[in-house]
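The values are calculated or read from the model by the stated rules, or taken from the named source; none is laboratory data. It should be emphasised that the depicted structure is a prediction, and the values quoted were computed from it without experimental measurement. Note that we place each Cβ from the backbone using ideal geometry, even for glycine, and neighbour counts take in every protein chain shown.
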Amino acid sequence: MRICVVGAGYVGLVTGTCLAESGNDVVIVDIDPAKIKTLAAGNSTIYEPGLEELLRRNIASKRLSFTTDLPRTVASSLFLFIAVGTPSGENGRADLSSFFSAVEGLARAMDGYRVIVVKSTVPVGTADEVRRRLAALTPHPFDVVSNPEFLREGSAVADFMNPDRIVVGSDDPRAVAVVKDLYAPFVTTENPVLVMDSRSAEMTKYASNAMLAARISFMNEIANLCERMNADADEVRRAIGADRRIGQSFLFPGVGFGGSCFPKDISALVAMGAENNVPMELVAAVRSVNLRQREILVRKVLDHFGGSLAGRTLAIWGLAFKPRTDDCREAPSITVIQRLLEAGARVHAHDPEAAARAKEILGDRIGYCAINYDCLKSADALIVVTEWDEFRRPDYEKMKSLMKSPVIFDGRNIYDPARMKREGFTYYAMGRPPVRP
């Protein structure tokens, strides 16, 4: 099948590349010529495990190409995927300006029947508005399908190729049939294709992300109480997660969630509730708890050093909002570092992939180290913010030889407190009593 994907960002690039991998002819369109040039050369503009290999293979096989020419691509494609960003705008509402600009561009380029597939995360009712705008701009027939994505950064390729479920929002049997046929190679294990109306499909994306975010914030609140009452949040997590009704996923205490999806989608859901006179009190609390977690980690650092960080050198391990990505959008590390700088600290940071992205936000206010141990030279403490695998089994003796004082603030609970005590570290974690040698 011939497919046009509008938007070469995270969702569009993964979607287009994976659809090409299943044998389709895919053209990804973007308004940024520099990005298109980079991608056409086989170089991914994001770090996502496995993506660049697929990108290069499908370019070489001539199933995947990149262009800024939207009209020509629309003219040769049956499926028109919209995967442009919908960032938070005023009062948390999704900013749909780029999205509707793409819709209008598609309408003007259409020369016959097309299936418009909405991949972007959009407020409930957006598909109805897309139909209205298309009908006003083109005489050609079309169908609009809501098809939300459920990709986790760091495992997006695997998520697309082996989805838990595919959601198809449409009332038109013809559109449902062709979209199901398109996705047939990805559901050979009989994971469900859930067909529903477009509004329910749109709400499903927001509800899914809000539920996952709520589990994280719930566990963080429990962890805070555990710490105050001398209980171990990690033991509590294991015990409640062993209940089959609950499960272990998204129950790890820490400095909270970040990224481009959870914060944005929660804000949009709260805004939708306000607009429809349905207060989203629980969802709003999820957001507040998440933001508070970052401050809690900073408070631990301040308390340890007597309330002042003037003259202190602090090492940060982890800048991306989660492992296996270079994405720093809404990353807890950014808030933590900004607070440390405001308190007078010097900060040196390392991340396996995200240093360049973080520098776009933080500039030269901190030092960036290519090797994690380089951050520790004369450091008064180490703060772990992102749980990259390479941080889990460090050389503790080497760490102590480099650091001014052996102190670790573990924002992701990746170390064992008993071992930290044996190794001679003062150790602070999230939801656990502090440990001293």
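Worth pointing out:
- The single condition among (1) in a loop (DSSP other than H, G, I, E, B); (2) of a type outside the set (A, V, I, L, M); (3) surrounded by fewer than 21 Cβ atoms within 10 Å (Cβ to Cβ) that GLN338 does not satisfy is (1).
- Top-ranked residue in the stretch 208-217 [being touching a residue at least 12 places away in the same chain (Cβ under 8 Å) and not basic (Lys, Arg); ranked as nearest to ASN290 (Cα to Cα)]: SER217
- Here is the figure for the stretch 410-426: residues that are buried (at least 24 other Cβ atoms within 10 Å of the Cβ) and either over 31 Å from the mean Cα position of the chain (by Cα) or not charged (D, E, K, R) (or both) total 2.
- Across the stretch 96-152, the qualifying residues are those that are farther than 23 Å from ASP197 by Cβ, over 31 Å from the mean Cα position of the chain (by Cα) and small (Gly, Ala, Ser), and the one among them that is surrounded by the fewest Cβ atoms within 10 Å (Cβ to Cβ) is GLY112.
- Filter result for LYS377 (crowded, with 17+ Cβ neighbours inside 10 Å, at pLDDT 95 or above and either more than 22 Å from GLU295 (Cα to Cα) or in contact with an Asp or Glu (Cβ under 7 Å, 6 or more places away or on another chain) (or both)): no
- Subset tally (residues that are buried (at least 17 other Cβ atoms within 10 Å of the Cβ) and outside any helix (DSSP H, G or I)) for the stretch 275-306: 2
- Taken as a whole, the stretch 397-407 holds at least one residue that is free of Cβ contacts under 8 Å to residues at least 12 places away in the same chain, surrounded by fewer than 19 Cβ atoms within 10 Å (Cβ to Cβ) and not acidic (Asp, Glu).
- Those strands (runs of 3 or more DSSP E) lying entirely in the stretch 9-82 with at least 1 residues within 20 Å of the chain's Cα centre (by Cα) and among the hydrophobic types (A, V, I, L, M, F, W, C): 79-82
- Residue in the stretch 207-218 that is modelled with pLDDT of 95 or more, within 30 Å of VAL26 (Cβ to Cβ) and either aliphatic (A, V, I, L, M) or outside any helix (DSSP H, G or I) (or both) present: yes
- The stretch 215-232 - residue that is of a type outside the set (Val, Ile, Thr) and closer than 14 Å to GLY256 by Cβ and, of those, surrounded by the most Cβ atoms within 10 Å (Cβ to Cβ): ALA223
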